[in-house]
Amino acid sequence: MLLDAGMRLSEAAGLHVTDIHLEHEFPYVEIRPNTARRLKTSNSKRIIPLVGNSLWAAQQVTANQDDYCFPRYAKDGYCNGNSASAALGKWMKSYCEAGATVHGIRHAFRDRLRAVEVPVDLIDQLGGCSVKSVGMSYGDGYDMRTAHHHISHICSDKTSHIETVLR
């Protein structure tokens, strides 16, 4: 879920099945607070188009769940992001270069978007980052069609390979 969506680990770990919308013309995940976890900032509430690995993962986790996508780490009133981080970190030690971190996946997402020339304000919108100027806070941001168009480019070039992402 993290590779092509740029979510924070705790955002993904606390996802509810109803946060994933696969039936839409452009499938997406809705990042919003729920009874398992809060969000880091007010800008963290957002919609991210699902493409590539993240779309595949969303299809897998919603197929057999009826509550939280990752019930091992989330239930009403509780989200254990630390446990999810430890498990993913352990997996990464076996399959990634030394020094690779879970949070590095989020940084790599931004780099991959830059590599395909996605506008910086859309990168910030997708990542749930705070606005850097008053002008950036005007309007509603990018619509789903435009966001999907831009984010889909990270899956169609050399930046989509997992080895590149996890370096």
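The values are calculated or read from the model by the stated rules, or taken from the named source; none is laboratory data. These figures come from a predicted structure and were not determined experimentally. No Cβ is skipped: glycine too gets one built from the backbone with ideal geometry, and neighbour counts run over all protein chains shown.
Kindly indicate whether any position in the range 75-98 is surrounded by 15 or more Cβ atoms within 10 Å (Cβ to Cβ), touching a helix residue (DSSP H, G or I) at 6+ places or on another chain (Cβ under 9 Å) and farther than 28 Å from THR35 by Cβ.
Yes, the range 75-98 contains a residue that is surrounded by 15 or more Cβ atoms within 10 Å (Cβ to Cβ), touching a helix residue (DSSP H, G or I) at 6+ places or on another chain (Cβ under 9 Å) and farther than 28 Å from THR35 by Cβ.
Regarding ILE48, is this residue under 18 Å from ILE123 (Cβ atoms), buried (at least 20 other Cβ atoms within 10 Å of the Cβ) and among the aliphatic types (A, V, I, L, M)?
Working: under 18 Å from ILE123 (Cβ atoms): yes; buried (at least 20 other Cβ atoms within 10 Å of the Cβ): yes; among the aliphatic types (A, V, I, L, M): yes.
When the stated conditions are applied, ILE48 passes them.
Quick check: anything in the range 146-162 part of a helix (DSSP H, G or I), hydroxyl-bearing (Ser, Thr, Tyr), surrounded by 14 or more Cβ atoms within 10 Å (Cβ to Cβ) and modelled with pLDDT under 90?
Among the residues of the range 146-162, at least one is part of a helix (DSSP H, G or I), hydroxyl-bearing (Ser, Thr, Tyr), surrounded by 14 or more Cβ atoms within 10 Å (Cβ to Cβ) and modelled with pLDDT under 90, which makes the answer yes.
How about the range 18-30: which of its residues are under 15 Å from ALA147 (Cα atoms) and surrounded by 15 or more Cβ atoms within 10 Å (Cβ to Cβ)? Before you say what the answer is, go through the steps one by one.
Going through the range 18-30, the residues under 15 Å from ALA147 (Cα atoms) turn out to be 24-30.
Once the filter is applied, which keeps residues that are under 15 Å from ALA147 (Cα atoms) and surrounded by 15 or more Cβ atoms within 10 Å (Cβ to Cβ), the range 18-30 yields PHE26, PRO27, TYR28, VAL29.
Which of the residues belonging to the range 115-145 are among the charged types (D, E, K, R), over 16 Å from the mean Cα position of the chain (by Cα) and at pLDDT 65 or above?
Hits for the range 115-145 are GLU117, ASP121, ASP140, ASP143, ARG145.
Look through ALA63, ALA74, ALA58 and report the one residue that is in contact with a Gly (Cβ under 9 Å, 6 or more places away or on another chain) and of a type in the set (A, V, I, L, M). Quick ask: steps written out before the conclusion?
Numbers: ALA63 fails: in contact with a Gly (Cβ under 9 Å, 6 or more places away or on another chain); ALA58 fails: in contact with a Gly (Cβ under 9 Å, 6 or more places away or on another chain).
Selected residue: ALA74, the only one of ALA63, ALA74, ALA58 that is in contact with a Gly (Cβ under 9 Å, 6 or more places away or on another chain) and of a type in the set (A, V, I, L, M).
Please verify whether SER44 is within 15 Å of the chain's Cα centre (by Cα) and within 23 Å of THR146 (Cβ to Cβ), treating the condition exactly as stated. Can you show your working first?
Numbers: within 15 Å of the chain's Cα centre (by Cα): yes; within 23 Å of THR146 (Cβ to Cβ): yes.
When the stated conditions are applied, SER44 passes them.
Could you give me the residue pairs with C-beta distances under 7 Å whose first residue belongs to the range 1-19 and is farther than 15 Å from CYS79 by Cβ, whose second residue is among the β-branched types (Val, Ile, Thr) and assigned to a loop (DSSP other than H, G, I, E, B) wherever it lies, and which are 6+ apart or on separate chains?
Close Cβ pairs (under 7 Å, with a partner that is among the β-branched types (Val, Ile, Thr) and assigned to a loop (DSSP other than H, G, I, E, B)) amount to ASP4/VAL51.
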